[in-house]
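The values are calculated or read from the model by the stated rules, or taken from the named source; none is laboratory data. This one's a predicted model, so the numbers in the text were calculated from it and none came from an experiment. We place every Cβ from the backbone using ideal geometry, glycine too, and count neighbours over all the protein chains shown. We work out accessible area using only protein heavy atoms, side chains counted, and drop any ligands, DNA or RNA first. Shrake-Rupley method; radii C 1.70, N 1.55, O 1.52, S 1.80 Å.
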Amino acid sequence: MNTYIAAAVVGMDKVPLSNLEHPGEDLAMDPAACKFMAAFVRALGAKKVLEFGSGFSTLMMARELAAQEGNYLLSIDDSPRYSALAREAFETSGCQAKVEFRLAPLRPRFYGPRLLSSYSLPKGLLEALGPFDLVLIDTPHHDFGREAIFYDAFKAVMPGGYIVMDDANREPAEKICVRSWTAAYGEAVDPVLLEGIGNGLCVVEKLEEARPRFSGRGALSASFKTIRGLGRLLLHPEP
Ligand SMILES: C[S@@+](CC[C@H](N)C(=O)[O-])C[C@H]1O[C@@H](n2cnc3c(N)ncnc32)[C@H](O)[C@@H]1O
């Protein structure tokens, strides 16, 4: 196994996390997944982290980042309520890391023939704030699909950096995402599935810069799911 991933798997048991502090699995990543992310930040010596899905994971990673000079964590969410809760938890924690919370609505966008949901951010913003050593994808809720988040994040990660997706054991949604990413980037990415941590973590190393080749395979069903998910979001907006 990759040495950084192995070091994080070994180190995660030493990451302190009390049951009283964890807000519960309805709201946050599984405690083991949170511990892995903290240990992975440490193993990589990461300075810059990008996160999609603000919450308890933000604080867990920020605590590890705080020791690094020039640290920065950008945490993006579409829900004003959950972004504000994450910000409040971070600000009252006393953690000294530099963390920026940003709200961005979900919008449909074509990636080749695939109509996917992605966060509406100013063009080039992620690249300008990066390059990031590590990205965590833990949103949007599975009805909206996580495929496009990877394509947007990839450009802002340095070669040798990592993109981690939570809930990777989930059939078929997240498993389809990983297949689509591998098809799009080929040998430029190296995905590893950590099935036994929380609901599964997919840890993808970016080996080199590459332009994605978006496949037509499954494009119709991906596009349909995007329209259905965004339709639901319009009817029941995130609080
Ligand atoms: C489950 S949260 C996890 C966030 C963070 N990574 C963590 O570990 O705490 C992922 C997404 O779900 C949304 N969310 C959180 N709780 C929710 C709830 N009870 N109902 C609907 N959406 C929720 C948030 O806006 C966020 O985009």
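Worth pointing out:
- Within region 140-214, the GluC sites (Glu not before Pro) that combine a DSSP coil assignment with at most 16 other C-beta atoms in a 10 angstrom radius are Glu195, Glu208, Glu209.
- Given R0 = 45 Å, the distance between the Cβ atoms of Arg228 and Ala66 translates into a calculated FRET efficiency of 0.65.
- The phi-based Karplus calculation (6.51 cos²θ - 1.76 cosθ + 1.60; θ = phi - 60°) puts the 3J(HN,Hα) values of region 82-97 at 6, 5, 5, 5, 5, 4, 5, 4, 5, 5, 7, 7, x, 5, 9, 5 Hz, whole numbers, x for Gly and Pro.
- Mean residue ellipticity (222 nm) of the chain, computed from DSSP H runs ≥ 4 via -39,500 (n - 2.57), nearest 500: -11500 deg cm²/dmol
- Long-range Cα-Cα pairs in region 3-235 (distance over 28 Å), rounded percent: 24 percent
- Of Gly55, Ala104, Ala66, farthest towards positive along the dipole that unit charges on Lys, Arg, Asp, Glu beta carbons give region 26-157: Ala104
- C-alpha center-to-center spacing [region 11-33, region 200-238] in angstrom: 27 Å
- In this structure the amide hydrogen of Tyr111, modeled in the peptide plane, comes within under 5 Å of the amide hydrogens of Leu116, none closer than 5 places in sequence on its chain.
- With a simple spin-label model that places each label point 7 Å from the Cα along the Cα-to-Cβ direction, the separation between Leu27 and Ala128 comes to 3.4 nm.
- Extended-chain gain in nm, criterion 0.36 nm per residue less alpha-carbon gap, Ala210 and Thr3: 72.2 nm
- Where labels lie 7 Å past Cα in the beta-carbon direction, separation of Val192 and Ala104 in nm: 2.7 nm
- Between Val192 and Val203, Val204, Glu205, the built amide H atoms are under 5 Å apart, and every one of these is 5 or more places off in sequence or on another chain.
- For region 217-224, 3J(HN,Hα) computed residue by residue from phi via the Karplus equation (6.51, -1.76, 1.60; θ = phi - 60°) reads 5, x, 5, 5, 6, 4, 5, 4 Hz, glycine and proline entered as x.
- In this structure, the pairs whose alpha-carbon distance is over 32 Å, taken from Lys14/Lys225; Lys123/Lys175; Lys47/Lys225, are Lys14/Lys225; Lys47/Lys225.
- Cβ-based charge dipole, region 3-235, positive-most Cα from Leu115, Asn199, Ala210: Leu115
- Here, region 121-239 has an Rg and a Dmax of 14.4, 41 Å when only alpha carbons are counted.
- Note, ³J(HN,Hα) from phi for region 10-19, Karplus 6.51, -1.76, 1.60, rounded to Hz, x at Gly and Pro: 5, x, 5, 5, 8, 6, x, 7, 8, 4
- Cβ-placed point charges (K, R +1; D, E -1), dipole of the chain about Cα centre in debye, nearest 20: 760 debye
- Amide H partners (placed H, <5 Å) of Lys47, local residues excluded: Asp133
- Look at the alpha carbon pairs under 8 Å that are at least 6 residues apart: their mean separation over the length of the chain gives a relative contact order of 18 percent.
- When His22, His141 are compared by accessible area of protein heavy atoms, the largest-first order is His141, His22, using a 1.4 Å probe.
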